[in-house]
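Nothing in this text is a laboratory measurement; each read-out follows from the coordinates by a stated rule. Computed from a predicted model, the values in this text were never measured in an experiment. All Cβ positions, glycine included, derive from the backbone under ideal geometry; neighbour counts span all protein chains shown.
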Amino acid sequence: MTTLHEIPAAPRPVRWRAALRARWLWGALATAVLVPVLALLIALRAQGLDVLPLGDDALDAERAFVDGRIESVEPAELNFGLHRFLRVTYAFRPGDGTLRRGVVMVAPARTWRAGERCTVEFAQESPELNRLRGTRRNALEAFTIPLIGLGAMPAFAALLLWLRAATRTRLLLATGRATLARIEALRAVRGVVPAQWSVTFSFTDAQGVERRGGHQVGRRTPLGQRLADGTVTAPVIHDLANPNLCRLAHPTDFAP
C-alpha cells in the first residue's frame with residue numbers, strides 16, 4: 001500500500017515517462033501513421049520527386065522559359081501500385097549563363113530521348129526551381145497531397161495534442177495537491193496493447209468537497225500492479241483551482 005509519505009512535496013521532479021502515459025493512445029496512433037508516411041515520402045524524395053506542391057505552385061504563379069537539352073532518360077523504379085515512371089535529366093542555362101541541371105519524373109507514355117532539345121520552365125529569382133515544360137515536379141501529386149492532408153497532418157495534430165496533454169500532466173503532478181483516493185472500480189480494457197486498467201476513484205479536495213475521477217493505467221506499471229493486488233486506496237494529485245483535473249500517482253513517477 002502506497003502512503004502519502006512516499007509522494008514528494010511540491011514542487012516535485014516528475015519523470016517524463018509518467019507524463020507521457022497521459023493520452024498515450026494519441027501518441028501511439030500518431031506514431032503508427034507518421035512513421036510509414038514519412039518513410040514513404042522520404043523514399044520518393046530520394047528518387048528526385050518533389051513530394052510537396054510548393055515548387056509547382058511557385059512555377060505556376062510565375063516562370064520564365066529557356067531552351068535546354070535532355071541528358072538522360074532512365075527508369076525511376078517508382079512503382080507503388082500505380083505505374084512506372086521515367087527519370088529525365090536535363091541541362092539548361094538561365095539568364096545568368098550558368099549551366100544548371102534538373103530532374104523530373106514523367107509517365108512512360110511521354111517520349112523523351114537523350115540529346116534532344118527541350119523547353120525548361122524556371123523561377124527567375126531561383127533557377128534551381130525548374131521543370132520541363134508540360135511536366136510537374138511532383139508527378140504523384142494526386143497521391144502524395146491526399147496522403148499528406150488526410151494522413152500526415154491529422155497524425156501530426158494528434159502528436160501535438162498528446163505532447164500538450166503530457167506537458168499539462170507533468171505540471172499537474174509537479175505542483176498539484178496530493179491526497180489519498182479511494183478506488184471505486186477497476187476493470188480491464190479490452191483490445192488495447194499494452195494492457196490497461198480503467199480505474200475510477202474518489203477523493204476529498206482541499207475545500208472538503210467530494211470529487212470523482214478516472215483514467216487508464218498501464219497494467220504492467222508499478223501503479224497498475226498495485227491496483228491489481230487489490231489496494232483500496234492510492235495517492236491522487238489534483239489541481240487546486242480545478243480539482244477535477246486529477247491523476248493517480250506512484251512514487252516511481254518522480255525522480256529521486
Pop out the ³J(HN,Hα) list for segment 60-66 in order, Karplus 6.51 cos²θ - 1.76 cosθ + 1.60 with θ = phi - 60°, rounded to Hz; leave Gly and Pro as x.
-> 5, 6, 7, 8, 10, 10, 8
Leading residue at positive end of dipole, segment 52-139 (Cβ point charges), from 102, 55, 85 = 85
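What's the long-distance tail for segment 144-256, i.e. % of Cα pairs beyond 20 Å?
More than 20 Å apart: 50 percent of the Cα pairs in segment 144-256.
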Exposure proxy order (Cβ contacts within 10 Å, fewest to most) of 201, 254 = 254, 201
Among 135, 145, 68, whose Cα sits farthest toward the positive end of the charge dipole of the chain (+1 at Cβ of Lys/Arg, -1 at Cβ of Asp/Glu, about the Cα centre)?
-> 145
Fewest to most neighbouring Cβ within 10 Å: what's the order for 105, 153?
-> 153, 105
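In terms of the Cα gyration tensor, with a ≥ b ≥ c the square roots of its eigenvalues, is segment 52-139 rounded because a/c is under 1.5, prolate because a/b exceeds b/c, or oblate?
Verdict is oblate for segment 52-139.
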Could you size up the charge dipole of segment 52-139 around its Cα centre, putting +1 on the beta carbon of Lys and Arg and -1 on that of Asp and Glu, and report it in debye to the nearest 20?
-> 360 debye
Can you tell which of 61, 185, 123 shows the greatest fluctuation in a Gaussian network model of the chain with Cα springs below 10 Å?
-> 61
Multiply the residue separation of residue 25 and residue 163 by 0.36 nm, subtract the distance between their alpha-carbon atoms, and state the gained length in nm to one decimal.
-> 48.5 nm
Take 183, 42 and order them by how many other Cβ atoms sit within 10 Å, fewest up front.
-> 42, 183
Positive-end extreme of charge dipole, the chain - chosen from 37, 165, 124 (charges on Cβ) = 165
Magnitude of the Cβ-charge dipole of the chain, K/R +1 and D/E -1, about the Cα centre, nearest 20 debye?
-> 800 debye
Which residue, 39, 181, 28, tops the fluctuation ranking in a GNM of the chain built on C-alpha contacts under 10 Å?
-> 39
Once both labels are modelled 7 Å past Cα along the beta-carbon direction, what's the residue 209-residue 9 spacing in nm?
-> 2.7 nm
Given the rule -39500 (n - 2.57) for each run of at least 4 DSSP H residues, summed and divided by the residues of the chain, what is its mean residue ellipticity at 222 nm, to the nearest 500 deg cm²/dmol?
-> -9000 deg cm²/dmol
Considering the values (1) 28.8, 86; (2) 22.3, 82; (3) 18.8, 60, which represents Rg and Dmax of the Cα atoms in Å as calculated for the structure under consideration?
-> (1)
